[in-house]
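Step one of this worksheet: look at the structure below.
The values are calculated or read from the model by the stated rules, or taken from the named source; none is laboratory data. Model, not experiment: these values are computed from the prediction. Methodologically, a virtual Cβ is constructed for each residue, glycine included, from the backbone with ideal geometry; neighbour enumeration extends over all protein chains shown. Remember, those area values only see protein heavy atoms, side chains included, never the ligands or the DNA or RNA. Shrake-Rupley method; radii C 1.70, N 1.55, O 1.52, S 1.80 Å.
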Amino acid sequence: METQTFVDSANQTATNVKETLTIAEIENWLISHLAEHLEIDPDDIEVEGSFADYGIDSSLAVSITDELSKWLNCEFDATLLWDYPSIAAVSQYLAESKICN
């Protein structure tokens, strides 16, 4: 399977990513970044919880979507987190649709 190299802006490290990510890999990335932005423990984040329940406003949603776009090297609508309102929903959509491949 081919891999892509990208720089994770949060960690400033180069990483190889399979072209097709699993739901769990996307969920873990979203949990990590959401926890960082909200300054909470990643263990306190439920993948089925809505982004609204965590107080995600439009500005933060756009920021996270932009970071996700950079991580996956793929463009997303700014409304991604509203269209798929939980970590589980976004992860399933991205993994199953393979829109970045």
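So how many residues does segment 4-56 have that are on the phi > 0 side of the Ramachandran plot and modelled with pLDDT under 95?
As a first pass, look at segment 4-56 and keep what is on the phi > 0 side of the Ramachandran plot: 12, 39, 55.
Then keep just the ones that are modelled with pLDDT under 95; that gives 12, 55.
The total comes to 2.
Of all residues in segment 78-95 being in contact (Cβ under 8 Å) with a residue 12 or more places away in the chain and open to solvent by 70 Å² or more (accessible area, probe 1.4 Å), which is farthest from Leu21 (Cα to Cα)? So, considering only residues that are in contact (Cβ under 8 Å) with a residue 12 or more places away in the chain and open to solvent by 70 Å² or more (accessible area, probe 1.4 Å), the one farthest from Leu21 (Cα to Cα) is Trp82. Pairs are defined by a Cβ separation below 9 Å, a sequence spacing of at least 6 or placement on different chains, a first member in segment 20-35 that is within 19 Å of Asp53 (Cα to Cα) and touching a residue at least 24 places away in the same chain (Cβ under 8 Å), and a second member that is open to solvent by 40 Å² or more (accessible area, probe 1.4 Å) and among the hydroxyl-bearing types (Ser, Thr, Tyr); the pairs so defined are Leu34/Tyr54. The set of residues in segment 39-54 that are in contact with a Ser or Thr (Cβ under 8 Å, 6 or more places away or on another chain) and touching a residue at least 24 places away in the same chain (Cβ under 8 Å) comprises Val47, Glu48, Gly49, Ser50, Phe51.
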